[in-house]
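**Q** The structure that follows is given in the form of structure tokens.
The values are calculated or read from the model by the stated rules, or taken from the named source; none is laboratory data. Since the structure is predicted, the reported quantities are computational estimates derived from the model, not experimental observations. So basically every Cβ, Gly included, is an ideal-geometry build from the backbone, and we count neighbours across all protein chains shown.
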Amino acid sequence: MKFGVSTFLTDEGIGPTELGPALEQRGFDALFLAEHTHIPVDRQSPYPSGGELPRMYYRTLDPFVALAAVAAVTRDLLLGTGIALVVQRDPIITAKEFASLDLISGGRAVFGAGAGWNREEMRNHGTDPGSRGRLMDERIRAMIELWTKDEAEFHGEFVDFDPVFCWPKPVQRPHPPIYVGGGSERTFARVAEYGTAWMPSRVPPKELGERIDRMRQTAGDRPSVVVYAAPHYREALDIYAQLGVERVLFYLPTLPQNETLHHLDDLAQTASAYR
């Protein structure tokens, strides 16, 4: 298995230019950053993990800006969004931002995508939560057209543009990997259609095998499995290894620099038993 980290970078924790080299020094191969543009004060959507919404959710750095900073101070680290909230993003701008990240990093960008859970946040972007799945699919299809065609066009229910020039193109061909977040049957259909990997989150390790079997029934054997925000206890990692998980993204709490580095030391020691 390969090992990376998933985290929320904020203005109150370790900075991107400190975190990136620290990960490479400890043998991690990937960094995936969460995204929230903002959090409405009057929020009705329940926090998926239960309880109060942690402070880090409304202090996140923009993932593309932060990953560009990481790209400048690392050589091999994969740079991923975990997850980019596609339903809150203009697809043309996002396609350009992500292709630019892939270019300046030398082809290290990974597009982790999902539909999100915070309905009030979506509505502030003009998105109807009831149609967010269809909107996400269209925007990703449009982005693929922009990444792969010299004269790209798209005509759909939500996205519509006549032939356009849009550069840069990604370094990775035909386009960068797309990791699809979520756990529904529709998620598995997305993995089959355009996903390089399925990226489950908050799935108990003992239930993951059954979920992978369901995903394979829809998407086949091609997509890999990358566990997002994974625990680091040995029982969970043993299960991931037995299931053939390609990459484990340990959850890294948002902490000041010194505390983060100590935590990374512990995670690296745990991972060393599986390398």
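**Q** In region 244-275, what residues are part of a strand (DSSP E or B) and surrounded by 20 or more Cβ atoms within 10 Å (Cβ to Cβ)?
**A** 247, 248, 249, 250, 252
**Q** Turning to a different aspect of this structure: From the list 246, 235, exactly one residue is over 23 Å from residue 57 (Cα atoms), modelled with pLDDT of 95 or more, touching a strand residue (DSSP E or B) at 6+ places or on another chain (Cβ under 6 Å) and charged (D, E, K, R). Which is it?
**A** None of the other options fit; the residue is 246.
**Q** Quick one: which residue in 142, 192 is touching a residue at least 12 places away in the same chain (Cβ under 8 Å) and either surrounded by fewer than 17 Cβ atoms within 10 Å (Cβ to Cβ) or under 30 Å from residue 239 (Cβ atoms) (or both)?
**A** Only one candidate qualifies: 192.
**Q** I would also like to ask the following. Of the residues that sit in region 76-125 and are over 20 Å from residue 226 (Cα atoms) and among the polar types (S, T, N, Q), which one is farthest from the chain's Cα centre (by Cα)?
**A** 124
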